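J.: First the structure, which I've put down as structure tokens, then a few questions once you've had a look.
We did not get these values from a lab; they are worked out from the coordinates using the rules stated. Because the structure is a prediction, the values reported are computed rather than measured. With ideal geometry, Cβ positions are generated from the backbone for all residues, glycine too; neighbour counts draw on all protein chains shown.
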Amino acid sequence: MITLRGRTVCGGIAIGTAMVYRREDNIIKRYHIDSIEAEIERFEKARCQAVAELEKLYTETVDEVGEMSAEIFGIHQQMLSDPDYIESVKNIIANEMINAETAVGHTCDSFMQMFESLSNAYMRGRAADIKDISERIINILEGRDPRAVNANAPVIVLADDLSPSETVQLGRETTLAFATEGGTSNSHTAILARMMNIPAVIGAEGVCSYGFDGRDVIVDGTDGTIYIDPDEETLARLQKRRDEYFRKRESLSCLIGKETVTADGKKIALHANIGNVFDINSVIANDAEGIGLFRSEFLYLESCDFPDEETQFNVYREVLEKMEGKKVIIRTLDIGADKNVSYFHMDDEKNPAMGIRAIRVCFEHRDWFKTQLRALYRASVYGDLSIMFPMITSEWEIDEIFKITDDVKNELRSEGVKFSENVSLGCMIETPAAAIISDDLAKRLQFLSIGTNDLTQYALAADRTNPHIGRYCDYSHKAVLRLIYTIVQNAHKNGINVSVCGEIAADPDRTQTLLALGVDGLSASPGMLLPLRGEIRKTDISAVRDKILSEILN
Ligand code: PEP
Ligand code: MG
């Protein structure tokens, strides 16, 4: 038996036969051309054909696996219409008098390099999309059929890498799982695997060996392990775990439509965390009662330049409309530290997590902040909007925020633009300072939401991005739990609700603790909502509260 390890991007366990798939290395023939116009026309024709192919794929995928999985083809169509990409290809054709496929190849290389150099993991993942769209045009120009990952019988695909379009073309009936050597967990390939619910592991060195073709394989998407030729003991163990996993998943669907209420009758708000509008389908499928955290910075991270007011307004409006009157909490721009893009031109800082990030960026750049607030207030008439501010440490920041939101509302009034007067304002509690002064914050705001990811990092002096200090960055640490207790007491004393939207909220093993501490709501990634609802419905707070609190507080 051979055991290989990678990173899991989608849970579940699959047992089957391996099909090894290596992407062909396209060798592009370079040659000189006589007519620039004719070559640019050739490129344009191929580009339009690529857009048409993607349109067809989009429609087919919507029918087969739903709009959300198909979205990637919409994004690829947009990328193929990107003026910078098109101009780069045309400039290379004109300046170097070379053929279109070579110009596309060069453009692909430089755009990929640009994306790969970005510090943001999501944006680095976009390099794979650039490669995908460029290969599509080159295939058309060279008259090649794109390779498809096809199998007649159910298989487990072991690949060096998979592009998003290859991933989505994996036959649903015939693909039990996939494991790749390359890939990042934020790439669209990973996102699609989660949407399609196929067990998937990436970054598994050595998995794409031709020698594995046709052999027995197990992909354990729950811990990122791949077993080639599993021995009897491993096979029996994993079969048992697979059956348990299916049983558990099936039993969860019966929770759809059920109330999120504890066994002793406390109603808990169960909300979803999202990063963009495409996540809404899964929010609805998992029966979220609202959006507890829309990380609006993803809108910025996905763009090559500041999203303007209109672009932001359209996104916020769509989210509010799709949520049909359910609560939607949108967090204002939380950029800085590990979330950064070049067009922000932020100064290098020695300690960026403690530097100009989140609300501090917005105070430094009022115009960015006001653009976002205008878009938010304009969208507010389309649903139940709350606005949340990140990285608060002091009361003066709340004064400043109120001044700016008042300015924005007055501006809109004077322009005759409609907005809702009922937008609630709240803040994240993600610094020890905010936790300690949560009494004062609760007096001035309408809700608090505890961001345990940052609260843990700042309370325990443990960088959340440093893999070497994982054991120090523990959200179950007594210090963090005591801070949560203080925040809840202060919120309730002032008659407002408090929820948790950091990763501890998504951990069913911590649900009882959070409920005992008195939180009113949990917000987590859509896929975790039903397990959390199950946990909440099982919990009798009155029965466990004293014991849990005495362990934390004494
Ligand atoms: C948090 O800090 O807990 C949080 C939810 O915000 P983010 O993870 O985006 O920093
Ligand atoms: Mg945070």
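J.: Considering only DSSP beta bridges whose two residues both sit in the chain, what percent are antiparallel, to the nearest 5?
T.: Just about 30 percent of them are antiparallel.
J.: Output ³J(HN,Hα) for the stretch 131-136: one whole-Hz value per residue in order, computed from phi by the Karplus curve 6.51 cos²θ - 1.76 cosθ + 1.60 with θ = phi - 60°, and x for Gly and Pro.
T.: My calculation for the stretch 131-136 gives 4, 4, 5, 5, 4, 4 Hz in order.
J.: In the stretch 310-345, which GluC sites (Glu not before Pro) are in a loop and have at most 15 other Cβ atoms within 10 Å, using DSSP for the loop call?
T.: Glu324
J.: How much mean residue ellipticity at 222 nm does the chain get from its helices, if each DSSP H run of length 4 or more adds -39500 (n - 2.57) and you divide by all residues, to the nearest 500 deg cm²/dmol?
T.: Computed ellipticity for the chain at 222 nm equals -14500 deg cm²/dmol.
J.: Lysines near Lys56 by alpha-carbon distance under 30 Å, same-chain residues fewer than 8 away left out - which ones?
T.: Correct list for Lys56: Lys29, Lys45, Lys90, Lys131, Lys322.
J.: Ok, one more. Please give me the summed charge of the neighbours of Ala337: other residues whose Cβ is under 15 Å from its Cβ, Lys and Arg +1, Asp and Glu -1.
T.: In short, -3.
J.: Also, quick follow-up: Each residue of the stretch 414-430 in order: what ³J(HN,Hα) in whole Hz does its phi give by Karplus 6.51 cos²θ - 1.76 cosθ + 1.60, θ = phi - 60°, with x for Gly and Pro?
T.: With the stated coefficients, the stretch 414-430 comes to 5, 8, x, 8, 6, 8, 7, 7, 9, 6, 7, 10, x, 9, 7, 10, 9 Hz.
J.: So who's got an amide H within less than 5 Å of the one on Asn340, skipping anything under 5 residues away but keeping other chains? H placed 1.01 Å off N, in plane.
T.: Asn120
J.: Note the full-extension length gain between Thr59 and Asn410 as 0.36 nm times their separation in residues minus their Cα-Cα distance, in nm to one decimal.
T.: Roughly 121.9 nm would be gained on extension.
J.: Right, here's the next one. Going by average Cβ density within 10 Å per residue, which order do the peptides 425-432, 43-50 take, highest to lowest?
T.: For the peptides 425-432, 43-50, the packing ranking is 425-432, 43-50.
J.: For Asp109 and Glu44, what does the FRET efficiency come to when R0 = 22 Å and r is the distance between their Cβ atoms, rounded to the nearest 0.05?
T.: Using R0 = 22 Å, I get an efficiency of 0.55.
J.: Dividing the alpha-carbon radius of gyration of the stretch 241-324 by 2.2 N^0.38 Å (N being the number of residues), what value is obtained?
T.: Scaled against compact globular proteins, the figure is 1.41.
J.: Using θ = phi - 60° and the Karplus curve 6.51 cos²θ - 1.76 cosθ + 1.60, what whole-Hz ³J(HN,Hα) does each residue of the stretch 540-554 get, with Gly and Pro shown as x?
T.: Here the 3J(HN,Hα) series is 9, 4, 4, 7, 10, 4, 4, 5, 5, 5, 5, 5, 7, 8, 9 Hz.
J.: Rounded to the nearest Å, what's the spacing between the alpha carbon centres of the stretch 53-103 and the stretch 307-340? Just the number, please.
T.: 26 Å
J.: Give Lys267/Lys538; Lys370/Lys443; Lys443/Lys547; Lys478/Lys538; Lys326/Lys493 a once-over and call out the pairs whose C-alpha atoms are over 19 Å from each other.
T.: Pairs exceeding 19 Å: Lys370/Lys443; Lys443/Lys547; Lys478/Lys538; Lys326/Lys493.
J.: Would you kindly calculate the mean projected area, averaged across all directions, of the convex hull enclosing the Cα atoms of the stretch 281-372, in square nanometres?
T.: The orientation-averaged projected area of the Cα hull of the stretch 281-372 comes to 6.6 nm².
J.: Calculate the translational D of the chain in whole µm² s⁻¹ from Stokes-Einstein, where the hydrodynamic radius comes from the Kirkwood formula applied to all Cα pairs, the temperature is 20 °C and the viscosity 1.002 mPa s.
T.: Using the Kirkwood radius from Cα pairs, D works out to 84 µm²/s.
J.: While we're looking at this one, here's another question. Rank Phe111, Val201, Val20 by how far each Cα sits towards the positive end of the charge dipole of the chain (+1 on Lys, Arg Cβ; -1 on Asp, Glu Cβ) and give me just the farthest.
T.: Of the options given, the answer is Val201.
J.: Over the Cα atoms of the stretch 258-553, how large are the radius of gyration and the largest Cα-Cα distance (Dmax), in Å?
T.: Answer for the stretch 258-553, Rg first and Dmax second: 18.5, 57 Å.
J.: Follow-up question, since we're still on this one. Using the alpha-carbon centroid of each, what span in Å lies between the stretch 406-468 and the stretch 240-298?
T.: 24 Å
J.: Based on the alpha carbons, how large is the Rg to Rh ratio for the stretch 364-469 when Rh follows Kirkwood?
T.: Rg/Rh: 1.05.
J.: Ok, one more. What does a probe at Glu551 reach in the stretch 515-534, counting residues whose amide N is under 18 Å from the point 7 Å along Cα→Cβ?
T.: 515-519
J.: When the C-alpha atoms of the stretch 36-141 are aligned to their principal axes, what extent does each axis show, in angstrom, from largest down?
T.: Between the extreme Cα coordinates on each principal axis of the stretch 36-141 lie 43, 33, 20 Å.
J.: Further question on the same structure: What FRET efficiency would be calculated for the residue pair Leu425, Leu235, taking the C-beta separation as r and a Förster radius of 41 Å, to the nearest 0.05?
T.: E between Leu425 and Leu235, to the nearest 0.05, is 0.15.
J.: Net charge near Ile98, counting Lys/Arg +1 and Asp/Glu -1 over other residues with Cβ under 10 Å of its Cβ?
T.: Surrounding charge for Ile98 is -2.
J.: Return the distance in nm (one decimal) between the two label points of a simple spin-label model at Phe402 and Lys266, each offset 7 Å from Cα along Cα→Cβ.
T.: Going by the 7 Å Cα→Cβ label model, 3.0 nm.
J.: Taking K and R as +1 and D and E as -1, what net charge do the other residues with C-beta under 15 Å from the C-beta of Asp546 add up to?
T.: Every neighbour counted, the sum reads -1.
J.: Using per-residue counts of other Cβ atoms within 10 Å, averaged over each peptide, order 388-399, 403-414 from highest down.
T.: My ranking of the peptides, most packed first, is 388-399, 403-414.
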